[in-house]
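Undergrad: Please read through the structure below; I'll follow up with questions.
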Amino acid sequence: MLRNSSPAPSLPIGPDDRFGRARSAGAPQLLGTKARRLQHRILLRNHSIKGVFWIIDQFLARPFLSVLRIAPLIIRIGPKVRRDHGVPVWQQILDMLRLVLVHGAKPRTYYMTERYREGAMRDAGALVMRNETKHGLFKALNRLYPQARGRARSLGDKLDFARWCAETGIPHPQPILVVERGVVAWHGESLNDLDQDLFVKRRRSRGTRGVATYRHTGVFQYLNDERRSITLDQLFSELVRRSRSERLIVQPFLHNHPMIADLAGEALIVFRLLTCLDENLRPVLTNAYLRLMAKLEPNWNVGPIQEFIAPIDIETGALGQITGDQPECLSEWFDLHPVNGVMVAGRIVPLWAELTQIAIRAHSMVSERVLIGWDVALTAEGPVMLEGNSFADVLMPQRVSRTPLGHMHIGELLDFHLDRLEVKLGAAHD
């Protein structure tokens, strides 16, 4: 669990707050409510067998399962909230029931977005959930602009994404091997491409699921994640065995820029940059945060935390306070790194302008998508694009900014696009 922190800051709502929080007092107040209403309209229009399944899932199955998850959460976290924030357990239960049954949230959202803070439940309608964005809403938004659909690109396939980056001149990790169904396909320039630190991930998965690292210890000698020494032949055997149930891609392991390397142990630091089309359909950077992959650090004992996150001022590149990504972290925010004690808050991300431009440039080439979450690494050679996600997580930006999406600049832009979607749905109905 996280250790002592400086007091959590107050949450200003005003024009000088540039960590992705409110830009003006006129920000949309009920963006989440509008998003869920439009998602329901989209789901109810689909009368196919698959559509009926999604209706049952959204209106019955998900709320029922979410209600069942309240009890375990209360047992794990309720007493701490009562002790640290003075919110009775019964009030927490009622608030979570309201989030689940009225706003379609998972109960963990209550703790992740600090809805237990005084007055925070009044803003629940401004929260946007991953459920509605992933299941219907973002797909409908991306279909608003048929003029751009002719050049649509798949961002989910990492091999196709690498090819697209190469075509457009966006720096990216060069694939060396693709291993599928026991067959190894070569994409490198020579065998020497394998004589270095290597990183393996699933060709189409998101996040860190299925990743593996192989640390170079000698000529075609490696140390795997179990700290077992293996040869190149043994590495191939491991990949072929895994590939019978997984589609794998092998790339060079990237190393962190020396000015930020002290923030991590062995894992690559990732910068999540959210870009959204503005009212003129041009991509702009709206939110950014740093991700430290705790679950990929073999020497970090941080309990259930999978990653640490810290907001980034999108104008200056300055880091804010750091926190964890699990409900147990609650309102624990830190100026210093919770594991190694180095300073986090106030540090300027090097090459920040270059980092932001690579995301905006990439989005401009896939402008049929309204919002994209880009993962970018910063190496000694400069920024490197890792992947783009058209169904980007919306919960973490709200946690790291400590504000509902509806109170941010990104909320203003999404509100604009949702208005256009509502007009389109109404026209189709007529």
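The values are calculated or read from the model by the stated rules, or taken from the named source; none is laboratory data. Everything numeric here is computed off the predicted structure, so don't read it as measured data. FYI the Cβ positions are ideal-geometry reconstructions off the backbone, even for glycines, and counts take in every protein chain you see. Heads up: the accessible areas ignore ligands, DNA and RNA and are worked out on the full protein's heavy atoms, side chains in. Shrake-Rupley method; radii C 1.70, N 1.55, O 1.52, S 1.80 Å.
Undergrad: Ranked from the most accessible area to the least, with a 1.4 Å probe and all protein chains present, what is the order of SER154, SER367?
TA: My answer, sorted largest first, is SER154, SER367.
Undergrad: Going by the alpha-carbon gyration tensor, a ≥ b ≥ c the square roots of its eigenvalues, is region 110-188 rounded (a/c under 1.5) or, if a/c is not under 1.5, prolate (a/b greater than b/c) versus oblate?
TA: prolate
Undergrad: For VAL89 and ARG69, FRET efficiency with R0 = 22 Å and r from the beta-carbon atoms, rounded to 0.05?
TA: With a Förster radius of 22 Å, E is 0.90.
Undergrad: Quick one: if you stick a label point 7 Å off each Cα along the C-beta vector at ASP195 and LEU281, how many nm between them?
TA: 5.2
Undergrad: Classify region 334-430 as rounded, prolate or oblate from the Cα gyration tensor: take a ≥ b ≥ c as the square roots of its eigenvalues, call it rounded if a/c is under 1.5, otherwise prolate when a/b beats b/c and oblate if not.
TA: oblate
Undergrad: Okay, moving on. Based on the alpha-carbon gyration tensor of region 321-381 and its eigenvalue square roots a ≥ b ≥ c, which shape applies: rounded if a/c is under 1.5, prolate if not and a/b is larger than b/c, or oblate?
TA: Cα axes put region 321-381 in the oblate bin.
Undergrad: For n ≥ 4 DSSP H runs only, could you compute -39500 (n - 2.57) per run for the chain, divide by its residues and tell me the 222 nm figure to the nearest 500?
TA: The per-residue figure over the chain is -10000 deg cm²/dmol.
Undergrad: Looking at the chain, how many pairs of lysines come closer than 30 Å at the Cα, when each pair is eight or more places apart or spans two chains?
TA: 28
Undergrad: May I ask you to derive the relative contact order of region 104-213, considering only C-alpha pairs under 8 Å and at least 6 residues apart, and to give it as an integer percent?
TA: Relative contact order comes out at 14 percent.
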